[in-house]
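Report on one structure; see the data block that follows.
The values are calculated or read from the model by the stated rules, or taken from the named source; none is laboratory data. Quick caveat, the model's predicted, so the values are computed rather than measured. Glycine gets a Cβ as well: all are built from the backbone with ideal geometry, and neighbour counts include every protein chain shown. Keep in mind that these areas ignore ligands, DNA and RNA; they rest on the heavy atoms of the full protein, side chains included. Shrake-Rupley method; radii C 1.70, N 1.55, O 1.52, S 1.80 Å.
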Amino acid sequence: MTPPARTSGKRADAGASAGAIDEPLLPESSAGGRHGGGASVSGAVFNVSTSIVGAGIMSIPAAMRVLGVVPAALLIAAVAALADVSVEFMLRYTGRGWGGGGKDEAATSYAGTMGDAFGRAGAALLNVFVALTTTGTLVVYLIIIGDVMSGSVGGGDEHAGVLQELFGARWWTGRQFVLLVTAVFVLLPLVLRRRVDSLRFTSAISILLAVVFMLISSGIALYALFKGTATMPRMFPDFSRLSSPFELFTAVPVIVVAFTFHFNVHPIRAELSKTSDMKVAVRVSLVLCAAIYAAVGFFGFLLFGDATMADVLANFDRSSGAGVPQALNDAARLSYALHLVLVFPLLLFSLRVNVDELLFPGRRPLAADTRRFVSLTAVLMAVLYVLAIAIPSIWTLFEYSGSTFAVTISLIFPGAIVLRDVHGIAKRKDKALAATMIVLAVVTSSIAIASNIMSSISNEDRGGHVAGRR
């Protein structure tokens, strides 16, 4: 529930906050308690890992192509460390303020924590950013699923989908029908689950499929390397291939998007038997996902080299020169598409909650209102389906959203909460780190956006000159 604006009567005095410094930072919960839901740490690890991997694994090889292997690996480690710090900041302020109800109701969500620091406007702004980020990501997932199964719908990166390769171009192998069947009969039963913990099994399978995708791509890459059809990738950037050195910064938002999972932290934490275990679950997940990202990026770049595309799946339907059967390329595409199918419900969970808080503030919990829950889910699924059919590719939009919405959610807002420090619990080093996070996020994102804009203008001018010579 979106918190109302604070009043002076609802704020604990600074002395009370300071006096509680030796108390646990988070309210401890047990199964069957008010907050605890009996979920295990392993289930939380699977759900957090699914939120992370599903958000950006497709773009890691392209980021490594821009940066080179060593800088990209260092950037992955640095962003993972910043994600850990930002989540720790979020959890430190969780449960200390008033989340919008009576005096005894603590802020136990990301929106509630933002509302406790910045009032109703802060919570609403977070909800808008999360809704926009998750909507764009979910539409990208549907587009990729459609590309894998039915082929692309135009442009220079056309490829036949798996169904078209097997059965030819028929009405029931087309994008519209395949996505409709997928949305109604596969995704809808998953997104109608009301508890995040109920998705732990699909999350575990999703992580397994991400590992399968990593193993297949790495196997193909190593085979190509031994056959002599692939060369070791560049360790450092090749500035002769860049329009300007600032182009390196375009990889930063891509990696930040890959580690943007903050909107799922509180729902997953709320269902743990011991909510203090969330920090452990997050750190284990970050280490696991950073390793997967580094492996997929390295082997994808090794296999496709400078031909690595922004969506690495588009490379798998072309001849990689490795001499492997097309069935193995299809297995890589299908494993990743199924991974996205299983990630989809977890992201829609956050989208649904945030849209509900924006449209129906102050109402009873969404999961307790069956009519509102089902209606909102159906409307969101319909909107996502229409957007996925209407927009053939939103990769550029996805890249820009990483420079704006994702960076704000994962770095700027958590840092701002610490700098605001309404409960007086932040130390000087915490505020220094928070300020550094915000400055880094703003500077790198601004440079990335400017570089993308200049690159787009340059490409348009180049295309115009080519057309003029014809």
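Within the shell defined by Cβ-Cβ distances under 12 Å, the residues around F298 carry a net charge of +2, with Lys and Arg each +1 and Asp and Glu each -1.
Proximity of backbone amide H atoms, modeled 1.01 Å from N, is registered between L272 and G37, A39 at under 5 Å, excluding neighbours fewer than 5 places apart on the same chain. Only protein heavy atoms count here; under a 1.4 Å probe, F360 has an accessible surface of about 70 Å².
Each residue of the range 350-363 was assigned a 3J(HN,Hα) from its phi angle through the Karplus curve 6.51 cos²θ - 1.76 cosθ + 1.60 (θ = phi - 60°); the sequence is 5, 4, 5, 5, 5, 5, 5, 5, 6, 8, 10, x, x, 7 Hz, with glycine and proline shown as x.
Oblate is the label for the range 49-454. Its Cα gyration tensor axes, ordered a ≥ b ≥ c, give a/c of at least 1.5 and b/c at or above a/b.
The residues of the range 49-454 expose on average 38 square angstrom of accessible surface per residue, using a 1.4 Å probe on protein heavy atoms. Here the range 49-454 exposes an accessible surface that is 69 percent carbon and sulfur, computed with a 1.4 Å probe and the other protein chains kept in place. Extension gain, A307 to R193, is 37.0 nm, computed as 0.36 nm per intervening residue step minus the present C-alpha separation. Were the residues from A378 through L358 laid out at 0.36 nm apart, the gain over their Cα-Cα distance would be 5.5 nm.
Measuring only protein heavy atoms, the 1.4 Å probe finds S276 accessible over about 50 Å².
When peptides 431-437, 285-291 are sorted by average Cβ neighbour count within 10 Å, with the highest value leading, the order is 285-291, 431-437. Across the range 49-454, Cα pairs under 8 Å and at least six residues apart give a relative contact order of 34 percent.
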